[in-house]
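Below is one structure, written out as structure tokens; comments come after it.
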Amino acid sequence: LYKGLNIVEKSNNYIIEGKIYNNIGVIYMEQQDYKNALRLFEKCDKVSKKATNETEIRSNQTTIYLNYAICYLGQGKIDLASEYINKTYEIITDEELADQHIGIETLKVQLAYQRKQLDTCCTLAHEVASLPIAEIERLEFFPQLIEIVTLLIKLNQLEDAKTLLDKITVVLEKEPSHSNYVTLFHTLITYYEATDDSLNRLRCLKLYYDY
């Protein structure tokens, strides 16, 4: 990515340059290196605003704001995370909202949890668990959905946790992924521990170690 960035920087293609900064930032973010992730997202923000296509600038801004919110949540900076979620709503289109719905709802669930607004957290998480499979079937939503399941288990909302786990399982059966299956089995083990279901827990443990 950095090699590609050197080439793009010389071409003055600000949109692509910004997207590369964003992609590198996402790698840092997935490693929970939020300081470096924010540094790259700030570069993405600055470069993208130099572009002339207003639609692309606004679309990039939506992604940047969501990434800022994720990083600030990861750092425990709740007010800043909330600020960027609100900024996202100010500029996002209906089409983008449908596309980013799961990501935004996950952030709202996590924000409510960190603020210890547990009733709100349970309500928001229940709404996600109640979504039809068609709305959650994109594989890129998998990490966010697993995060919501984990919170539901912590909050003892086990029925909603199982509902969402069943839907995630159906989605993975359509697009199998080794790493995602391992994560799913681990989450199922946690769920069955919470429900004192030793038989299914052992079954998932075997799947986890055999997969």
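The values are calculated or read from the model by the stated rules, or taken from the named source; none is laboratory data. Just so it is clear, the structure is predicted and the values come from calculations on it, not from any experiment. Don't worry about glycine lacking a Cβ; one is built from the backbone with ideal geometry, like all the others, and counts go over all protein chains shown. Accessible surface is based on the protein model in full, side chains and every heavy atom, while ligands, DNA and RNA are left aside. Shrake-Rupley method; radii C 1.70, N 1.55, O 1.52, S 1.80 Å.
Things to note:
- Single residue of region 137-157 satisfying the filter (out of contact with any helix residue (DSSP H, G or I) (no Cβ under 6 Å at 6 or more places or on another chain) and at pLDDT below 90) that is surrounded by the fewest Cβ atoms within 10 Å (Cβ to Cβ): 140
- Every test in (1) modelled with pLDDT of 95 or more; (2) open to solvent by less than 70 Å² (accessible area, probe 1.4 Å) is passed by residue 128 save one, and that test is (1).
- Members of region 150-173 found to be under 20 Å from the mean Cα position of the chain (by Cα) and more than 18 Å from residue 124 (Cα to Cα), listed by number: 166, 169, 170, 171, 172
- Among residues of region 69-90, those that are basic (Lys, Arg) and more than 15 Å from residue 103 (Cβ to Cβ), counted: 1
- Taking each residue of region 168-179 that is within 11 Å of residue 136 (Cα to Cα) and looking for partners that are part of a loop (DSSP other than H, G, I, E, B) and open to solvent by 20 Å² or more (accessible area, probe 1.4 Å) with beta-carbon atoms closer than 8 Å, six or more apart or interchain, yields 171/137.
- Applying the condition of being crowded, with 17+ Cβ neighbours inside 10 Å and without any contact (Cβ under 8 Å) to a residue 24 or more places away in the chain to region 78-95 and asking which residue is farthest from residue 115 (Cα to Cα) yields 87.
- Cβ-Cβ under 6 Å pairs, at least 6 apart or on other chains, region 31-56 side open to solvent by 20 Å² or more (accessible area, probe 1.4 Å), far side in a loop (DSSP other than H, G, I, E, B): 34/75
- Residue tally, condition open to solvent by 60 Å² or more (accessible area, probe 1.4 Å) and more than 21 Å from residue 75 (Cβ to Cβ), over region 102-123: 4
- Residue ID - nearest to residue 140 (Cα to Cα), chosen from residues in region 96-123 that are charged (D, E, K, R) and free of Cβ contacts under 8 Å to residues at least 12 places away in the same chain: 99
- Condition check for residue 187: open to solvent by 40 Å² or more (accessible area, probe 1.4 Å) and modelled with pLDDT of 95 or more: no
- Residues of region 12-45 that are farther than 15 Å from residue 59 by Cβ and either basic (Lys, Arg) or in contact with a Pro (Cβ under 9 Å, 6 or more places away or on another chain) (or both): 30, 35, 39, 43.
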